[in-house]
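Okay, structure first, notes after.
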Amino acid sequence: MNIAVMTSGGDAPGMNAAIRAVVRTSIYKGMEVYGIYGGFEGLIDGKIEKLNLSSVADIIQKGGTILGTSRSKRFQTEEGQESAVSKLKIYNIDKLVVLGGDGSAKGALALEKKGIKTAVIPCTIDNDMGYTESTIGFYTAVETVTDAISKIRDTTEAHGRANVVEVMGRSCGDIALYAGISGGAESIIVPEMETNMDEIAKKMLEGKNRGKRHHIILVAEGAGEAHEVARELQKLTGIETRVTILGYIQRGGSPGPADRIMATSMGVVAVESLLENKSAAIGIRGGRIFSEPIGTALRTKNKFNRKLYETMKMVSI
Ligand code: F6P
């Protein structure tokens, strides 16, 4: 019986490093390995090809995913899932590694219930999977946002303005929090915490009165609309306030070392779990890679790091 690997949902930098690790480990362990192209959509359509060592050469440093990805509505139906399983059977595939976020993990669990052993490698820039301390792609996205903030700060400073920068993260504020700290932003607005606009405005005015010529306010997309925030702050402070929506730039680019190393380690553990005939969600806690049942992982609620939020507040007065 054979093993396959696929990517699903929003791509994340480091997916390719994980694909490479899964393919190489599988071959090292003497297995035949297949790639599924285009996520669950591609699986339903039978877009399956055999991979070899050179299929994954020269990809560890690349963003995106060489396998392509999708958000599949069809796979959410019983018919779609049955069709996916039938395609796996054609290729004698009974073990599948799924790279993606929460939605992809749910897809993997659905396949497990239909007799396919599945392993989930957490890949999303959002860092919103509660069972694991970090997800692959998150630290690279934080680096991209940090770099963007530095550039935005230059021009903001030149004009003595404020800039409201909207970042991704769905309903999770982690990109805003971590990039806010590493980029030295003045304020962050995240869905997990109440926002007091008067407090932010006061901080901007106090900064201005001390001679500060830039004010960077990071808004997580799940916490509000950047243009509205900018309008309100400009009204409250009189400081000219511009908006930058970083958008998909946050999902691209070469993965940083932390994501490459995590992707490689998790890829190996995913294959090892499947070879032990165990379905598993792979995660990291306290620097240690672990695996646990996918259902358990999916039930673990994501917890916002309030301590880090307080740290951000203290150092940005
Ligand atoms: O989950 C990753 C993510 O980039 C989110 O931060 C964002 O809200 C969403 O995907 C965008 O999805 P799509 O690529 O479908 O527009």
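The values are calculated or read from the model by the stated rules, or taken from the named source; none is laboratory data. Everything numeric here is computed off the predicted structure, so don't read it as measured data. Please note: Cβ atoms are built from the backbone with ideal geometry, for glycine as well, and neighbour counts cover all protein chains shown. Ligands, DNA and RNA are stripped out before the accessible areas are found, and what is left, the full protein with its side chains, is counted by its heavy atoms. Shrake-Rupley method; radii C 1.70, N 1.55, O 1.52, S 1.80 Å.
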Checklist entry - For the range 138-252, what % of the accessible area comes from carbon and sulfur atoms, probe 1.4 Å? => result 47 percent
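Compute the relative contact order of the range 121-197 as a whole-number percentage, counting only Cα pairs closer than 8 Å that sit 6 or more residues apart in sequence.
With pairs under 8 Å counted, the relative contact order is 29 percent.
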Checklist outcome for this item: Connecting every pair of Cα atoms under 10 Å apart in the chain and solving the GNM, the largest mean-square fluctuation among 187, 55, 254 falls on 55
Checklist outcome for this item: Rounded to the nearest 5, the percent of DSSP beta bridges in the chain running antiparallel is 20 percent
Checklist outcome for this item: Between residue 244 and residues 5 or more places away or on another chain, the pairs with built amide H atoms under 5 Å apart involve 164, 165, 166
Checklist entry - For the chain, what is the Kirkwood estimate of the hydrodynamic radius, computed as the reciprocal of the mean inverse distance between distinct Cα atoms, to one decimal in Å? => result 20.4 Å
Next on the checklist: Using the Karplus curve 6.51 cos²θ - 1.76 cosθ + 1.60 with θ = phi - 60°, what ³J(HN,Hα) values do you get for each residue of the range 67-81, in whole Hz, with x for Gly and Pro?
Outcome noted: 8, x, 8, 6, 10, 9, 6, 4, 5, 6, 9, 4, 4, x, 5
Checklist entry - Given H placed 1.01 Å from N in the peptide plane, which residues other than close sequence neighbours of residue 130 have an amide H under 5 Å from its amide H? => result 302
Next on the checklist: For residue 170, what residues show an amide H to amide H distance below 5 Å, using hydrogens built from the backbone and excluding near sequence neighbours?
Outcome noted: 221, 222
Checklist entry - Over the alpha carbons of the range 138-252, what is the largest minus smallest coordinate on each principal axis, giving the biggest first in Å? => result 36, 28, 20
Next on the checklist: Under 10 Å, Cα contacts only: if you run a Gaussian network model on the chain, which one of 157, 133, 199 comes out with the highest mean-square fluctuation?
Outcome noted: 199
Checklist outcome for this item: Tilt, helix 197-209 to longest principal axis of the chain (alpha-carbon atoms), in degrees rounded to tens, equals 60 degrees
Checklist entry - What is the packing order of peptides 87-97, 134-144, taking the mean over residues of other C-beta atoms within 10 Å and listing the highest first? => result 134-144, 87-97
Checklist entry - Relative contact order (percent) for the range 218-317, with alpha-carbon contacts under 8 angstrom and 6 or more residues of separation? => result 12 percent
Checklist entry - Each residue of the range 260-270 in order: what ³J(HN,Hα) in whole Hz does its phi give by Karplus 6.51 cos²θ - 1.76 cosθ + 1.60, θ = phi - 60°, with x for Gly and Pro? => result 5, 5, 4, 4, 5, 5, 5, x, 5, 5, 4
Checklist entry - Which value, in Å² rounded to 10, gives the accessible area of residue 79 with a 1.4 Å probe and all protein chains present? => result 150 Å²
Next on the checklist: What whole-number distance in Å separates the alpha-carbon centres of the range 23-96 and the range 303-317?
Outcome noted: 40 Å
Item to check | Heavy-atom SASA rank of 214, 159, 227 (probe 1.4 Å, accessible area, largest first) | outcome: 159, 227, 214
Item to check | Relative contact order [Cα under 8 Å, 6+ residues apart], the range 138-252, whole percent | outcome: 40 percent
Checklist entry - ³J(HN,Hα) across the range 225-234 via Karplus (A = 6.51, B = -1.76, C = 1.60, θ = phi - 60°), whole Hz, x for Gly/Pro? => result 9, 4, 5, 5, 4, 4, 4, 5, 5, 5
Checklist entry - Between 238, 181, 164, whose Cα lies farthest towards the positive end of the dipole of the range 138-252 when Lys and Arg beta carbons carry +1 and Asp and Glu beta carbons carry -1, centred on the Cα centre? => result 238
Checklist outcome for this item: Flagged as over-length at 28 Å C-alpha distance, from 212/303; 235/307; 62/151; 62/278; 208/313; 62/212, the pairs are 212/303; 235/307; 62/278; 62/212
Checklist outcome for this item: Computed for the chain: size of charge dipole around the Cα centre, +1 on C-beta of each Lys and Arg, -1 on C-beta of each Asp and Glu, debye to nearest 20, value 340 debye
Checklist entry - If you put +1 on each Lys and Arg Cβ and -1 on each Asp and Glu Cβ, how big is the dipole of the range 152-241 around its Cα centre, in Debye rounded to 20? => result 440 debye
Next on the checklist: Taking the full set of protein chains and a 1.4 angstrom probe, give the accessible area of residue 249 in square angstrom, rounded to the nearest 10.
Outcome noted: 110 Å²
